[in-house]
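Scroll down for the structure; my scribbles are underneath it.
None of the figures in this text is laboratory data; all of them are computed from the coordinates on show. Keep in mind that this is a model prediction, so the values were computed, not measured. Virtual Cβ from ideal backbone geometry, glycine too; neighbours counted across all protein chains shown.
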Amino acid sequence: MKSLFVTLMPVALATSFLHAQSQPMVPPGSAEWAEVYDPPYKVPTELPAESALRKELFDLLRIKVTPQHKFTGSLKVYRNWAFFVGATVDNKGEPLKHPPHDNSDAVAIWLRTSQGWKLIDFSFGHSDAFYLLWSEKYGVPEDLIGIIPKPSDEKATP
C-alpha cells in the first residue's frame, strides 16, 4: 500500500500543477486584472492599425530585417503577450520574400516585462505553423496563437 502511495503521489502532484498552470491566477473579472495585464484585454484582441503599441512592437521586429520592411497581417494582444502572423511587405505593399522558402511569411511573439516589451521569437520565410509550439516552449496563451483547447472531462456536461 505504501509503495502505491509513493508511486501515485508524484503523479497526482504533477497533474495538479499542470492543471493550475493552465488557469490564470488572476481571473479576467477580478479587480487586479488591469493592474497585472497591460493592455488589459480579457480575450485575444486585434490591435488597431493606428495603435502606438502596434508601431512599438513592429519597430522591435523591424530591427531583425531592415528599416524598409513593413508588416501586414494580424497583431493580437492578450494578457502580457503580443502575437503577429502575416507577411513582410515594402512601402508599396509588395511582398518581400525571405529564404529558405522564398516567401513573405512572418511571425513574431512579444512579452511585456518590467523593462517593457521584449521580442521573444520570430521567423521570416518559414513554411509551416511551427509557432504553435510557442505555447509549450514559452508559455504563450494557446488561444492567442490560435490553438483551440480540447474540452476536458471536468468541463463536460452530461
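Some observations on this one:
- Amide proton proximity set for I120, modelled H, under 5 Å, gap of 5+: I109, W110, L111
- Put simply, the amide H of S104, placed in the peptide plane, has neighbours under 5 Å in H98, leaving out anything fewer than 5 places away on its chain.
- Taking the convex hull of the alpha carbon positions in region 24-71 and averaging its projected area over all directions gives 4.5 nm².
- Annotation note: trypsin sites (Lys or Arg not before Pro) in region 78-151 located in DSSP loop regions with a Cβ neighbour count of at most 11 within 10 Å are K92.
- R62 versus L132: modelled label distance in nm, points set 7 Å from Cα along the beta carbon direction: 3.3 nm
- D38/L119 FRET efficiency (R0 22 Å; Cβ-Cβ; nearest 0.05): 0.80
- Total charge dipole magnitude, region 27-158, about the Cα centre, Cβ charges on Lys, Arg, Asp, Glu only, Debye to nearest 20: 260 debye
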